[in-house]
Amino acid sequence: MRSLPEADPGVPDLRSPLRYLWWNARRQMPPLLAGIGFATLWWLVQALMPAVLGKGIEAVTAKDTRALLMWASILLGLGLLQAFTGIMRHRMAVYNWLAAAYRTVQLTSRHAARLGATLPKRLSTGEVVSVGNSDIAHIGSSMDILLRGVGSVVAVVTVTVILISTSLPLGLLVLFGVPLMAVAVGPLLRPLHQRQRVQRELSGELSTRAADIVAGLRVLRGIGGEQVFAERYRAESQRVRHAGVRVAGIESVLEGAQIVLPGLLIAIVTGIGATFAVAGEIPTGQLVAFYLYAVFLIGPMRTFTEAADKITKGHVAAGRVIRILSIEPEMTGGTGSSEGGVLRDSYSGVTLQPGSLTAVSASTPDDAAAIADRLGRYAEGDVTFGAVELRTLPIDQVRSRILVADNGARLFNGRLRDELDVRGAADDDEVRAALHAACATDIVDALPEGLDAEVAEAGREFSGGQQQRLRLARALLSDPEVLILVEPTSAVDAHSEARIADRLAKARAGRTTLICTTSPLVLDRADHVIYVEDGRVLAEGTHRQLLDTSPQYAATVTRGED
């Protein structure tokens with residue numbers, strides 16, 4: 001994960017995502033305030049136009065040409081100011097939308113990378129994907145509506161003051177009518193909030209289901225399970241649809257309220273104003289101004305209800321993001337340092353000597369995987385690296401020095417060269433050497449574009465054995481101080497497995513390597529073999545020695561065959 005410049009003392013540690021989120025919020029405050037300022041001025045200009053237009057009508061009625069020209073000039077100036085502030089308001093709204101949305105994506109992505117193996121244990125794939133699909137849009141929209149919402153409040157207050165100064169009854173009507181209309185939609189917000197949360201959860205579960213089906217489609221076709229999973233997906237999609245319809249039901253009421261409530265206020269204000277004009281209490285120009293004010297209030301009132309909807313959605317989305325950012329990595333490190341040396345797991349007794357090729361064969365595959373997780377600091381354990389405990393080292397240092405490569409690793413879409421050389425530091429000879437050691441040269445040669453070929457999502461164009469060999473080449477190119485491979489040849493044929501075993505020993509000569517496997521071909525090339533049963537070391541030696549001295553080992557690696 002790329003860290004921010006250390007020279008900036010105001011930047012918080014990225015390992016504190018919630019603090020970093022607050023820091024980003026403070027960074028967005030100036031453009032947000034600027035946008036609110038432009039939006040407020042934009043609304044105020046519109047609020048003043050009816051008064052100016054009313055004065056102009058009065059000048060026409062009085063046949064006062066000078067006054068007419070003056071008010072016409074003022075109206076023109078207000079129009080130009082409205083155009084400028086409208087452009088700037090929209091510009092700042094788009095900026096704040098994008099800043100809020102994509103800063104959220106950046107922060108969530110960085111935290112997801114920091115969580116590493118912890119993330120899939122705590123959240124489903126769909127839950128994380130939904131942040132980028134829908135949550136960022138709701139968060140961005142809430143920032144957009146905040147600009148117009150604050151400005152509309154100021155505009156309503158301004159109109160109310162103007163009306164009170166002109167006609168106390170009309171001013172009081174607006175003063176009390178607008179809050180009552182806002183309160184009228186209040187009972188809709190809580191059920192809307194709840195239904196949106198339910199829909200969001202169901203959508204996340206459906207996304208997870210879809211990802212699982214796509215990932216296992218080849219297997220499902222092999223066992224004839226396509227129809228079963230299709231029915232399950234159809235049933236879950238219907239649940240999402242029904243939840244969406246329930247959300248749309250409340251949203252439609254809110255949309256209707258945006259028309260009905262301001263319409264009622266317009267009708268009442270216009271009717272009372274007309275009564276005053278007929279009675280001669282106000283001039284014709286003021287009646288026109290009152291009507292325009294009533295029409296103008298449609299905009300702020302619709303903004304109020306729109307703000308209630310979008311801010312509610314933004315609140316739900318922000319809660320999901322906070323949930324992800326609140327997750328802490330299961331494994332943390334300290335501030336110690338180590339010059340390397342012997343890597344030892346005290347619980348099992350597995351010890352890796354520097355520069356040797358060691359193999360661990362376990363009666364139960366889960367035992368070997370658990371040892372690899374402890375040695376790679378993916379699970380808690382009493383592990384020492386040289387003279388210090390592994391848990392005292394910074395986690396970033398552990399990840400850079402000890403690499404655990406298992407068959408759960410994925411191939412991502414993109415250029416194959418970039419997929420293999422993740423650090424971008426290897427030349428063509430080094431890439432070719434890693435491919436040769438992994439017996440994967442034929443895979444690249446078969447591609448028309450070679451290393452420049454584009455890899456599809458999860459490397460689905462490659463077979464299981466091809467994916468495994470490409471993952472092994474990627475691990476070798478990383479060239480870590482300690483490389484731990486979990487069943488690296490389980491999906492390849494015997495001839496390829498023998499070649500990989502020979503070449504792997506040469507490629508990692510002089511560097512510490514551990515292979516968790518029960519393959520006799522690989523075990524026979526190891527410098528030292530450790531047999532584990534019930535999570536503890538039972539026997540050690542070379543492959544041939546253990547075949548002669550340990551019946552349990554022989555039964556495990558030969559699978560009961562002579």
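The values are calculated or read from the model by the stated rules, or taken from the named source; none is laboratory data. As the structure is a computational prediction, the values presented were derived from the model and not from experiment. All Cβ positions, even for glycine, are placed from backbone atoms using ideal geometry, and neighbour counts span all protein chains on display. SASA here: full protein model, heavy atoms, side chains in, ligands and nucleic acids out. Shrake-Rupley method; radii C 1.70, N 1.55, O 1.52, S 1.80 Å.
Within segment 125-140, one or more residues are open to solvent by less than 50 Å² (accessible area, probe 1.4 Å), farther than 25 Å from Arg26 by Cα and of a type in the set (D, E, K, R). Of all residues in segment 374-390, those satisfying the criterion of being open to solvent by 60 Å² or more (accessible area, probe 1.4 Å) and within 16 Å of Val482 (Cβ to Cβ) are Tyr378, Ala387, Glu389. Among the residues in segment 468-477, are any in a helix (DSSP H, G or I), over 28 Å from Asp396 (Cα atoms) and either in contact with a Lys or Arg (Cβ under 9 Å, 6 or more places away or on another chain) or free of Cβ contacts under 8 Å to residues at least 12 places away in the same chain (or both)? No: segment 468-477 contains no residue that is in a helix (DSSP H, G or I), over 28 Å from Asp396 (Cα atoms) and either in contact with a Lys or Arg (Cβ under 9 Å, 6 or more places away or on another chain) or free of Cβ contacts under 8 Å to residues at least 12 places away in the same chain (or both). Taking segment 46-70 as the range and being open to solvent by less than 70 Å² (accessible area, probe 1.4 Å) and at pLDDT 90 or above as the test, no residue passes.
Somewhere in segment 382-403, is a residue in a strand (DSSP E or B), within 29 Å of the chain's Cα centre (by Cα) and within 25 Å of Leu115 (Cα to Cα)? Scanning segment 382-403, I find at least one residue that is in a strand (DSSP E or B), within 29 Å of the chain's Cα centre (by Cα) and within 25 Å of Leu115 (Cα to Cα), so the answer is yes.
Residue check: Leu217 meets all listed conditions (1) surrounded by 13 or more Cβ atoms within 10 Å (Cβ to Cβ); (2) modelled with pLDDT of 70 or more but one, namely (2). For first residues located in segment 397-408 and in contact (Cβ under 8 Å) with a residue 40 or more places away in the chain, partners that are surrounded by fewer than 18 Cβ atoms within 10 Å (Cβ to Cβ) and part of a loop (DSSP other than H, G, I, E, B) and lie 6+ apart or on another chain with Cβ distances below 6 Å form the pairs Arg401/Glu481. Number of residues in segment 71-97 that are out of contact with any helix residue (DSSP H, G or I) (no Cβ under 7 Å at 6 or more places or on another chain) and open to solvent by 70 Å² or more (accessible area, probe 1.4 Å) equals 7.
Here Ala505 does not qualify as in contact (Cβ under 8 Å) with a residue 60 or more places away in the chain and either assigned to a loop (DSSP other than H, G, I, E, B) or among the basic types (Lys, Arg) (or both). For segment 447-462, how many residues meet the condition of being open to solvent by 50 Å² or more (accessible area, probe 1.4 Å) and either more than 19 Å from Val431 (Cα to Cα) or under 27 Å from the mean Cα position of the chain (by Cα) (or both)? Summing the residues that are open to solvent by 50 Å² or more (accessible area, probe 1.4 Å) and either more than 19 Å from Val431 (Cα to Cα) or under 27 Å from the mean Cα position of the chain (by Cα) (or both) in segment 447-462 gives 4. The set of residues in segment 235-256 that are over 23 Å from Ala184 (Cα atoms) and free of Cβ contacts under 8 Å to residues at least 40 places away in the same chain comprises Ala235, Glu236, Ser237, Gln238, Arg239, Arg241, His242.
Scanning segment 39-58 for residues that are within 11 Å of Leu81 (Cα to Cα) and among the β-branched types (Val, Ile, Thr) yields a total of 1. Looking only at residues in segment 232-269 that are under 11 Å from Gln199 (Cα atoms) and basic (Lys, Arg), the one that is farthest from the chain's Cα centre (by Cα) is Arg246. One residue alone among Thr518, Thr513, Thr542 is in contact with a strand residue (DSSP E or B) (Cβ under 9 Å, 6 or more places away or on another chain) and within 16 Å of Asp366 (Cβ to Cβ), and that residue is Thr518.
For every residue, the table says whether it meets (1) modelled with pLDDT under 80; (2) touching a Ser or Thr at 6+ places or on another chain (Cβ under 7 Å); (3) outside any helix (DSSP H, G or I).
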| position | (1), (2), (3) |
| --- | --- |
| Leu76 | no, no, no |
| Leu80 | no, no, no |
| Val128 | yes, no, no |
| Ser134 | yes, no, no |
| Ala137 | no, no, no |
| Gly151 | no, yes, no |
| Leu163 | yes, no, no |
| Gly171 | yes, yes, no |
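Within segment 388-395, at least one residue is β-branched (Val, Ile, Thr), touching a Gly at 6+ places or on another chain (Cβ under 8 Å) and modelled with pLDDT of 90 or more.
Annotation note: of Asp429, Asp445, the sole residue that is farther than 27 Å from Ile402 by Cα and not small (Gly, Ala, Ser) is Asp445.
Within segment 334-346, the presence of at least one residue that is part of a loop (DSSP other than H, G, I, E, B), touching a residue at least 40 places away in the same chain (Cβ under 8 Å), touching a helix residue (DSSP H, G or I) at 6+ places or on another chain (Cβ under 9 Å) and surrounded by 17 or more Cβ atoms within 10 Å (Cβ to Cβ) is confirmed.
One line per residue, one yes/no per condition, for (1) among the small types (Gly, Ala, Ser); (2) open to solvent by 30 Å² or more (accessible area, probe 1.4 Å); (3) in contact with a Phe, Trp or Tyr (Cβ under 8 Å, 6 or more places away or on another chain):
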residue: Asp427; (1), (2), (3): no, yes, no
residue: Arg432; (1), (2), (3): no, yes, no
residue: Leu435; (1), (2), (3): no, no, no
residue: Arg474; (1), (2), (3): no, yes, no
residue: Ser478; (1), (2), (3): yes, no, no
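Restricting attention to segment 480-529 and to residues that are closer than 16 Å to Glu430 by Cβ and of a type in the set (Lys, Arg), the residue that is least open to solvent (accessible area, probe 1.4 Å) turns out to be Arg508. How do the pairs read when you match residues in segment 540-555 that are small (Gly, Ala, Ser) with residues anywhere that are surrounded by 15 or more Cβ atoms within 10 Å (Cβ to Cβ) and part of a loop (DSSP other than H, G, I, E, B), using Cβ under 9 Å and keeping only pairs 6 or more apart or on different chains? Listed pairs, sorted by first residue: Gly541/Ser550; Ala555/Ser363.
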